[in-house]
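The values are calculated or read from the model by the stated rules, or taken from the named source; none is laboratory data. Everything quoted here is computed from the prediction, not taken from an experiment. For neighbour counting, all protein chains shown are included, and Cβ atoms are generated from backbone atoms with ideal geometry for every residue, glycine included. All accessible areas refer to the heavy atoms of the entire protein, side chains included, with ligands and DNA or RNA removed. Shrake-Rupley method; radii C 1.70, N 1.55, O 1.52, S 1.80 Å.
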Amino acid sequence: LRQFCDDRAFMERHGESYGDLLKQNLTAAEAFTLVWCIENQIPLQAAGSCDFAVVHYEDLIVSPVSEWTRVTQALGLERVPDQVTRARPSTQASPSWKTGETPFTSLDRWKYRLADEVKSEIQRILDQTGVSDYSISEPMPVRSRPEDPD
């Protein structure tokens with residue numbers, strides 16, 4: 001979080017939104033959540049006033065055909081990646097994901113490893129930063145609940 005506090009341009013633009021939280025003694029969960037909010041909320045807000053296509057990871061998982069079609073159209077690409085390409089793990093994926101040891105089964109399975117207190121800390125930061133797309137209680141972003149998954 002120090003990088004944001006030390007960034008004069010960031011503080012001039014966003015200090016009103018994040019400054020009080022950046023000054024607090026946060027738990028690890030709160031600090032990681034605040035970094036996530038800063039890195040994601042600012043671009044999401046900018047997308048609302050610019051012509052940016054917003055793509056949520058969760059939508060790519062739940063509705064891959066329609067979402068990848070939308071992504072390729074937004075980027076002006078001719079082809080949607082095929083299923084084999086879409087199923088290939090990212091180079092950023094954990095080693096167990098890459099070897100298939102931990103098959104993807106649920107968008108919110110990560111939450112079950114967290115204590116209720118930690119979940120409350122995460123939600124507190126989401127609430128204080130005004131993040132409305134995500135909630136600790138919902139696996140899908142609020143604005144992207146597909147009615148007809150592929």
Arg2-Thr85 pseudo-label distance in nm [points 7 Å out on the Cα-to-Cβ vector]: 4.2
Heavy-atom accessible area of the chain with neighbours in place, 1.4 angstrom probe: carbon+sulfur share in percent works out to 51
Using the Karplus equation 6.51 cos²θ - 1.76 cosθ + 1.60 (θ = phi - 60°), what ³J(HN,Hα) coupling, rounded to whole Hz, does each residue of the range 53-59 give in order, writing x for Gly and Pro? 7, 9, 10, 8, 3, 4, 5
Label Leu114 and Asn40 with points 7 Å out from Cα along Cα→Cβ: what is the distance between them in nm? 1.0
Per residue accessible area of the chain, 1.4 Å probe, in Å²: 69
Counting only backbone N atoms under 16 Å from a point 7 Å out along Cα-to-Cβ of Cys50, the residues of the range 1-37 in range are 10, 13-14
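Tell me, in nm to one decimal, what length is gained between Asp20 and Gln123 on full extension, where the rule is 0.36 nm per residue of separation less the Cα-Cα distance?
35.4 nm
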What are the extents of the Cα atoms of the chain along their three principal axes, listed from largest to smallest and rounded to whole Å? 46, 38, 30
